[in-house]
Amino acid sequence: MGKVTVVVVCVAAAAAGVAAAVVVRRRMKREGKWAKAVGIVKEFEEKCGTPAAKLKQVADAMTVEMHAGLASEGGSKLKMIISYVDSLPTGDETGIFYALDLGGTNFRVLRVQLGGKDAGIVNQEFEEVSIPSHLMTGTTDGLFDYIAAELAKYVLQEGQEFQLPPGRQRELGFTFSFPVMQTSINSGTLVRWTKGFNIDDTVGRDVVAELTKAMRRQALEMNVSALVNDTVGTLAGGRYTNKDVVASVILGTGTNAAYVERAQAIPKWHGVPSKSGEMVVNMEWGNFRSSHLPLTEYDLAMDTDSLNPGEQIFEKMISGMYLGEIIRRILCRMAEEAAFFGDTVPPKLKVPFALRTPEISAMHHDQSSDLKVVETKLKDILEICNTSLRMRKTIVELCNIVATRGARLAAAGILGILKKMGRDVVRDGERQKAVIALDGGLYEHYNEYRKCLVNTLEELLGEEVYKTIDIEHAKDGSGIGAALLAASHSHYVSADSS
Ligand code: BGC
């Protein structure tokens, strides 16, 4: 072999060696980053842990706070709002009633014709209207004028079957799903906005008065007979079809629960004694907070950046508005610190609330072997391409961690209510079931969340007690419930019966 050939061979060998070393180094670097990303997920998972013992502590804390909130106004983070509903629908309600259901980015208007015993709901119609986002953070008049105008349009389409007898004004049940300090069955002042609404000048005002003024501006003749929270509406709607319904839970954009309390167990109630001896209490459990809640740095940062820092901590851990945002924040950290998506952080990933819960649910439920849905969602929503299967698997794992924590905490909240009602044990001779009416998009559409909630409740209660409890889906019960409560609190009821 000539000298030149030897040199060429040596140089080639050296180059190959260098290239191999670069490849190895790159791979090591990649694996190092991967290990870092996995570490972030593992650490998060540990902090999100909800073993049964912890959930029982959460449930106990919920029960304690319920007592405190019932004892005195401001006695607890749980407002335990007296709804002024001391009797729930019986099935005897008759007449034509409207309802307006406002609680998220959409509102519903509906009309129902109630036929009384045996006939039930004879006719019902509804329409859904979305609220332009600028109205959610604008002015009181802006929001209520828009709603009243839509309601007026809806009334104009009223068919023959919904005509009222002459001389009778239309009556409305108003479902307003925000914390409201009720002052009567048809009045109440807004405590604070939640779920992305933020209109300063509404806080402290009577929302029925605001709606009534807006309806007058539209020349719409309508009386608000009942103001109800969606949980109270759902409880009323649930009771209409099932006599054993004693509590309701909403798991949607926001979350909350209501239940039937003994009037005597409400020391802060100094109003007219309840005829039935009972009172529906709107817990506003979204604002529950306890040292037993498995809060992580991501939850705390999301809270700090939110429209309502320090408020609605339970809601921010379990409800639909926030699950995607928690995941987005973890992915952001993985992108920044572990180059999870490559050398740069995908710009769309930095946009708050870019990941919504329906997307999380779709990715979580992806059954395809190559996680095609996850791939498409990442591409379509976050403009992230070229994801590997192991990256997609990690994302599904994150969805599972966040949804599981939320669903298990929701189950712990329900256990807290059952404890307060004395329904967490089976008493001798107790035959009657306690039915809990559940509704909300998260509960309805996120199957894994729903399954986990139900399984956790069984795990916490034990098989024997669990058999005495039923979870019932009360689909869209809050609007119908408000119409039913408008019927039982109709201005004409006493006139008719005298
Ligand atoms: C509100 C509650 C409401 C719940 C579910 C929460 O943000 O504070 O009043 O019941 O969302 O809609």
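Before moving on, here are some points about what is shown:
- Matching residues in the stretch 276-298 - criterion: being in a helix (DSSP H, G or I), away from the ligand (no atom under 16 Å from the Cβ) and of a type outside the set (F, W, Y): E297
- Restricting attention to the stretch 242-284, the residues being surrounded by 24 or more Cβ atoms within 10 Å (Cβ to Cβ), among the β-branched types (V, I, T) and farther than 20 Å from G91 by Cα number 4.
- Of the residues screened, Q57 is not one that is surrounded by fewer than 23 Cβ atoms within 10 Å (Cβ to Cβ), part of a strand (DSSP E or B) and either of a type in the set (S, T, N, Q) or without any contact (Cβ under 8 Å) to a residue 12 or more places away in the chain (or both).
- Residue ID - farthest from the ligand (Cβ to nearest atom), chosen from residues in the stretch 236-268 that are of a type in the set (A, V, I, L, M) and touching a Gly at 6+ places or on another chain (Cβ under 6 Å): A263
- Residue check for R405: within 30 Å of D244 (Cα to Cα), surrounded by 24 or more Cβ atoms within 10 Å (Cβ to Cβ) and touching a helix residue (DSSP H, G or I) at 6+ places or on another chain (Cβ under 9 Å): yes
- From I318, I266, I313, I326, residue being touching a Ser or Thr at 6+ places or on another chain (Cβ under 7 Å) and modelled with pLDDT of 95 or more: I318
- Annotation: of all residues in the stretch 425-452 being in contact with a strand residue (DSSP E or B) (Cβ under 9 Å, 6 or more places away or on another chain) and in a loop (DSSP other than H, G, I, E, B), the one that is farthest from G479 (Cα to Cα) is K433.
- Any hit, the stretch 309-316, residues being in a loop (DSSP other than H, G, I, E, B), on the phi > 0 side of the Ramachandran plot and within 16 Å of the ligand (Cβ to nearest atom): yes
- Residue among L382, L371, L355, L349 that alone is buried (at least 19 other Cβ atoms within 10 Å of the Cβ) and at positive phi: L371
- Hey, R111 more than 16 Å from the ligand (Cβ to nearest atom), touching a residue at least 12 places away in the same chain (Cβ under 8 Å), in contact with a strand residue (DSSP E or B) (Cβ under 7 Å, 6 or more places away or on another chain) and among the charged types (D, E, K, R) or not: yes
The values are calculated or read from the model by the stated rules, or taken from the named source; none is laboratory data. A quick note: this is a predicted structure, and the numbers were derived from the prediction, not measured. All Cβ positions, glycine included, derive from the backbone under ideal geometry; neighbour counts span all protein chains shown.
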